[in-house]
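Presented below is the structure to which this report refers.
The values are calculated or read from the model by the stated rules, or taken from the named source; none is laboratory data. No experiment lies behind these values; they were computed from the predicted model shown. Reconstructed Cβ throughout: ideal geometry from the backbone, glycine too, with neighbour counts over all protein chains shown.
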């Protein structure tokens, strides 16, 4: 029998580095996607709470010590945050699994240790970053500086809440920025663990606030005149709205949005290795991942063989309680997400696609927001199930004739976030990787490296996270003209 998470309740908000009473009385109830019962309660931050948090961040940036510290001093604090993740990773994993349904078997790595790796990788990047450089200009010597952008509004989703928070906070804080983190109402409980860690790590007053709230409060935050930079992860529709609201103040934005990524399998590929490599990343986080390989492109010459292999692997995934360590696919985060997947399954059938496995609610789960791992065959890339991000455990197997058609299908999408190619010829795979218009690509594997740039083409977003490219998103560039003939003493 799986141990259940006890009711977790918090009565305060983390504003300006300390726990304080909220201005309003509204409460967020956290519902278990497995039991459909309340597992937590936290205050719902109001616009007044946003004003307090932004004001604290503004003071801390304009007047406080954090931006004026040496890099080594900031790294010491961030290292303590990173180390605390290692100590409390199981707590993070259980809390997040209980809230969004991620199987605990993968949550330890995907939800907790991966977040720790983001904090650690940001430290590595920060040490080697070119904060200031000399150049020979046309009219004389130049000094080019990179200076922290200011107050950052970091808005994160519910699917990988700590991973996405780390992707924004680690570089922002190391750069010398201050931040207000807005967390999703579906997953606010783990944010309190982060707040405790930040407090214990010794962040100065005002540097970090953490606010659980809905979209209306998020919109108020990203439109706040004292916010200098917005870093957002979420849907394309929400990203467009963030950009629109932020543009009123010409606030800088980074948007990490959706995907409909394609895994191309060439006829010469090792099918067993391809199935083992693709399935975990097609149905990862129960299909609720922007980088998921949701379109699998199979050659006509081996289509039936591949359809059988992927259907068998998907059908064998163990569905159940996310806190059971043997579970491989859990429930979706909310009833609306369950219904969305079921609606797309119905649509796919109406469009003429064939269900190879799944397609229903699991008979063994009497309650909870479950959908069977579902694989559609006979899919044409023009179908809505192949073009729209479902964000559920629904995958398309699409046939192609030759390499040119495979690349064309992979690129025939409004998205361009991720992808992979599987072939016995690695050089051929690298050539395909160069041709497909997507921000992240893998050859005979699937990975996301925190020392390289992550982000998307087309509707998948603007800007990058991770690596020096992502770190650079939290800086302004300043050019200082020096007198002719100047040489540093």
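State the number of residues belonging to the stretch 391-411 that are outside any helix (DSSP H, G or I) and surrounded by fewer than 16 Cβ atoms within 10 Å (Cβ to Cβ).
Residues that pass the stated criteria total 2.
Being closer than 18 Å to residue 321 by Cβ, touching a strand residue (DSSP E or B) at 6+ places or on another chain (Cβ under 8 Å) and either modelled with pLDDT of 95 or more or buried (at least 19 other Cβ atoms within 10 Å of the Cβ) (or both) is the requirement here; does residue 28 meet it?
No, not satisfied.
For the stretch 424-465, name all the residues that are out of contact with any strand residue (DSSP E or B) (no Cβ under 8 Å at 6 or more places or on another chain), assigned to a loop (DSSP other than H, G, I, E, B) and in contact (Cβ under 8 Å) with a residue 24 or more places away in the chain.
Residues satisfying the conditions are 424, 425, 450, 451.
Restricting attention to the stretch 138-174, which residues are in contact with a strand residue (DSSP E or B) (Cβ under 6 Å, 6 or more places away or on another chain), buried (at least 24 other Cβ atoms within 10 Å of the Cβ) and either outside the structural domain of residue 112 (by TED's automatic domain parsing) or more than 30 Å from residue 392 (Cβ to Cβ) (or both)?
Residues satisfying the conditions are 151, 152, 172.
Kindly check whether there is at least one residue in the stretch 105-119 that is surrounded by 18 or more Cβ atoms within 10 Å (Cβ to Cβ), in a loop (DSSP other than H, G, I, E, B) and touching a helix residue (DSSP H, G or I) at 6+ places or on another chain (Cβ under 6 Å).
Looking for residues that are surrounded by 18 or more Cβ atoms within 10 Å (Cβ to Cβ), in a loop (DSSP other than H, G, I, E, B) and touching a helix residue (DSSP H, G or I) at 6+ places or on another chain (Cβ under 6 Å), one finds none in the stretch 105-119, hence no.
If we scan the stretch 353-367, do we find a residue that is over 21 Å from the mean Cα position of the chain (by Cα), assigned to a loop (DSSP other than H, G, I, E, B) and either within 23 Å of residue 185 (Cα to Cα) or not assigned by TED's automatic domain parsing to the domain that holds residue 288 (or both)?
Looking for residues that are over 21 Å from the mean Cα position of the chain (by Cα), assigned to a loop (DSSP other than H, G, I, E, B) and either within 23 Å of residue 185 (Cα to Cα) or not assigned by TED's automatic domain parsing to the domain that holds residue 288 (or both), one finds at least one in the stretch 353-367, hence yes.
So which pairs qualify, if the first residue must be in the stretch 474-489 and in a loop (DSSP other than H, G, I, E, B), the second must be exposed (fewer than 10 other Cβ atoms within 10 Å of the Cβ), the Cβ gap must be under 9 Å, and the two must be at least 6 apart or on different chains?
Going by the 9 Å Cβ cut-off, the qualifying pairs are 484/139.
Going by the structure shown, is residue 213 touching a helix residue (DSSP H, G or I) at 6+ places or on another chain (Cβ under 7 Å) and either modelled with pLDDT of 95 or more or in the same structural domain as residue 83 (by TED's automatic domain parsing) (or both)?
no
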